[in-house]
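Below is one structure; the comments refer to it alone.
The values are calculated or read from the model by the stated rules, or taken from the named source; none is laboratory data. For clarity, every value in this text was computed on a predicted model and none was experimentally measured. With ideal geometry, Cβ positions are generated from the backbone for all residues, glycine too; neighbour counts draw on all protein chains shown. Heavy atoms of the whole protein, side chains included, go into the accessibility calculation; ligands, DNA and RNA do not. Shrake-Rupley method; radii C 1.70, N 1.55, O 1.52, S 1.80 Å.
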Amino acid sequence: MTATPAAISFPGWFVEIATVAPALTLLIAAAAIVPAWVAIFRNAASNREARWWSEAQWALSASFSVNPDEQKAGLRMLGILATATWLGEHEMEVLNAAYGRPLREIGAAHPRDGKGVLAEEIAPPQDATQPPFTEGQREVHVEAAKLKIVLDGRLKRKTPTWIMDLANS
């Protein structure tokens with residue numbers, strides 16, 4: 001006669017756990033996946049911001065170059081970077097530094113009543129028909145005006161009419 005194996009009996013709590021084990025596995029996996037996704041999205045945002053700052057640093061350096069072509073390229077790049085939807089006021093204020101010099105240059109070439117031009121109030125030229133600038137310098141001024149318009153729009157500031165005219169010329 002052959003022996004038959006004895007039936008194995010499990011305690012009741014073990015059987016209950018075995019029936020809910022697939023659901024518990026999914027719950028534990030979900031609890032582990034959520035923090036991982038949060039970390040991935042934060043890392044992507046951090047990488048995007050680091051890349052933006054790297055490009056902004058290059059563009060700011062170029063915008064302060066003595067070469068008008070580099071200035072124009074830097075200002076144009078800053079105009080593009082200023083459209084990033086995640087930018088805060090701080091980042092946009094950093095970009096504000098770039099357009100001031102070219103636009104003050106126009107005001108200094110065409111002073112109002114011999115007074116200096118303040119950074120906060122860039123004077124429009126009195127005689128824009130005969131600017132004493134080269135074509136390259138004029139292109140830099142146009143790019144600076146375009147950047148100012150973008151930043152003023154994002155910062156909800158009023159752009160002077162002469163700057164809008166300059167940007168559209």
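Here are the numbers for this structure:
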read-out	value
Residue-normalised accessible area of region 23-90, given per residue in Å² at a 1.4 Å probe	69 Å²
Accessible surface, 1.4 Å probe, highest first, among residues 152, 69	69, 152
Area accessible to solvent at residue 133, 1.4 Å probe radius, in Å²	50 Å²
Average projected area [Cα convex hull, region 6-55], square nanometres	4.9 nm²
In Å², nearest 10: area of residue 154 left accessible to a 1.4 Å probe	80 Å²
Heavy atoms of residue 9: accessible area, 1.4 Å probe, square angstrom to 10	100 Å²
Environment charge at residue 49 (Cβ cut-off 14 Å; Lys +1, Arg +1, Asp -1, Glu -1)	+1
Stretchable slack from residue 51 to residue 17, in nm (0.36 nm times residue separation minus alpha-carbon distance)	7.3 nm
Net charge over other residues, Cβ less than 10 angstrom from the Cβ of residue 86 (K, R count +1; D, E count -1)	-1
Positive minus negative residues near residue 149 (Lys, Arg vs Asp, Glu; Cβ under 15 Å)	+4
